[in-house]
Amino acid sequence: MSWHVEGTYFENCNCDMACPCTMSGLTAPADNERCNVALAFHVETGEVDGVDVGGLTVCVVADAPALMSAGGWKLGVLMDASASAEQASALGAVFGGQVGGPMEGLAPLIGEMAGIESMEMAYADDGRVHQVRVGSAVDMVVEDFVSPLDATGQGVKVSGVGFPADTLAAGTSSTARVDVFGMTWDNVGKNSYSAPFAWSA
C-alpha cells in the first residue's frame with residue numbers, strides 16, 4: 001500500500017514550556033509525573049491506497065508516563081465525523097501506524113488503546129494561531145511564540161526533531177481542555193508545538 005498525507009498539525013501538553021519529551025526524541029522526562037497530550041492533524045491533501053483523505057482532521061489524545069519511551073501509554077483517536085467509512089479506515093491505518101510511516105514507531109509504546117470515536121471537528125490555522133474543537137471532547141487554541149528580540153518576526157523554532165516534522169514552532173495554549181476516553185485535563189498556559197507535516201510510505 002502506498003500513501004501520502006500532508007497538512008498542518010499542532011499539539012498541547014502539560015509541560016511548562018518547550019516540552020523536553022519532543023526535543024529529546026522521548027528520551028528525557030516530561031515536567032510532570034504524567035504526560036497529558038493532544039495532537040490535532042489536519043490533512044489538506046492526501047491519498048491512502050487510492051482513497052482521497054484531503055480536508056479531514058484526526059485528533060490523538062494520550063496519557064503517558066513522564067519518560068514516554070518507557071511505554072504504557074493510554075491512547076485514543078478521534079476521527080472527523082465528515083469522513084466516510086472508507087476514509088476513516090484509511091486514516092485510521094495511517095495514524096494507527098498499521099501501514100508504516102511515523103506513527104508505526106509509536107505503536108509499541110501503547111499499553112492501552114482507549115478507542116476510536118467519530119466526532120464533529122472544526123480546525124483552523126492562520127499560520128500563528130492554531131485551534132481545534134472536537135465535539136465536547138477537545139477544545140484547544142495555541143499560539144506560536146514570537147520573541148521580542150527577533151527582528152524577523154519568524155517565531156521561535158525547534159529543529160532536528162524528526163517527529164511529527166523536522167522543525168516545530170514552539171508556543172503556548174490559551175485554551176486546552178480535554179475530556180474523552182476517561183482522560184480529563186485542562187492544560188491552559190502550557191506548552192504547544194505546531195508545524196506543517198508531510199508523511200508518506
Please list, ordered by first then second residue, the pairs with beta carbon atoms under 9 Å, 6 or more apart or interchain, first in segment 45-58 and farther than 15 Å from residue 197 by Cβ and open to solvent by 60 Å² or more (accessible area, probe 1.4 Å), second assigned to a strand (DSSP E or B) and among the polar types (S, T, N, Q). 52/45
Of everything in segment 34-76, what is within 21 Å of residue 10 (Cβ to Cβ), among the charged types (D, E, K, R) and out of contact with any Asp or Glu (no Cβ under 8 Å at 6 or more places or on another chain)? Give them in sequence order. 63
How many residues does segment 1-15 contain that are modelled with pLDDT of 95 or more and part of a loop (DSSP other than H, G, I, E, B)? 2
Among (1) at pLDDT 95 or above; (2) at negative phi, residue 116 falls short only on (1)
Working only within segment 25-52, note down all residues that are assigned to a loop (DSSP other than H, G, I, E, B) and over 17 Å from the mean Cα position of the chain (by Cα). 27, 28, 29, 31, 32, 33, 49, 50
In the set 104, 112, which member is charged (D, E, K, R), within 16 Å of the chain's Cα centre (by Cα) and farther than 17 Å from residue 40 by Cβ? 104
Close pairs from segment 1-28: first closer than 17 Å to residue 144 by Cβ, partner assigned to a strand (DSSP E or B) and open to solvent by 30 Å² or more (accessible area, probe 1.4 Å), Cβ under 6 Å, at least 6 apart: 7/42; 7/44; 8/42; 8/125; 8/196
Taking residue 107, is it free of Cβ contacts under 8 Å to residues at least 24 places away in the same chain, aliphatic (A, V, I, L, M), touching a Gly at 6+ places or on another chain (Cβ under 7 Å) and over 26 Å from residue 155 (Cα atoms)? yes
Limited to segment 67-88, what total is found for residues that are under 17 Å from residue 119 (Cβ atoms) and crowded, with 16+ Cβ neighbours inside 10 Å? 9
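The values are calculated or read from the model by the stated rules, or taken from the named source; none is laboratory data. Bear in mind that the values here come from a model prediction, so they are computed numbers and not experimental data. Cβ: placed from backbone, ideal geometry, glycine included. Neighbour counts: every protein chain shown. Surface accessibility is based on the protein's heavy atoms, side chains included, excluding ligands, DNA and RNA. Shrake-Rupley method; radii C 1.70, N 1.55, O 1.52, S 1.80 Å.
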